[in-house]
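Below: one structure, written as structure tokens.
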Amino acid sequence: VPAKTEAQQASLVELKVRDMLVRQRTQTVNALRSHLAEYGIVAAQGRKLTELIAVVRDGDDARLPHLAREALGDLV
């Protein structure tokens, strides 16, 4: 098997890093959705994530306890 060139190795690294970032983003979104669902806060799948982010950032929204809001703020 011929050795890969530096350009081939760099392309492979780029693809692997992108794949990892996509997986991490998916895990984070799923975690945010599931934690908020425990408090009865749900939004449709897809681009409705902004609604959930708004709930976490809204300090006046009484549905979410302060400690939970702080922890989920890290995910947001």
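The values are calculated or read from the model by the stated rules, or taken from the named source; none is laboratory data. In this text the structure is predicted, and so the values were computed from the model without any measurement. Please note that ligands, DNA and RNA were not included when accessible areas were found on the heavy atoms of the full protein model with its side chains. Shrake-Rupley method; radii C 1.70, N 1.55, O 1.52, S 1.80 Å.
Tell me, what is the per residue accessible area of the chain in Å², probe radius 1.4 Å?
The answer is 80 Å² per residue.
Enter the angle in degrees (range 0 to 90, nearest 10) between the Cα long axis of helix 6-37 and the first principal axis of the Cα atoms of the chain, meaning the one along which they spread out most.
It works out to around 10 degrees.
Using a probe of 1.4 angstrom, how much of the accessible area of the chain is carbon and sulfur, in percent?
On the chain, the fraction of accessible area on carbon and sulfur atoms equals 55 percent.
Just checking my list [x] 35; [y] 40; [z] 54 against percent of Cα pairs over 17 Å apart computed from this structure; which label fits?
[z]
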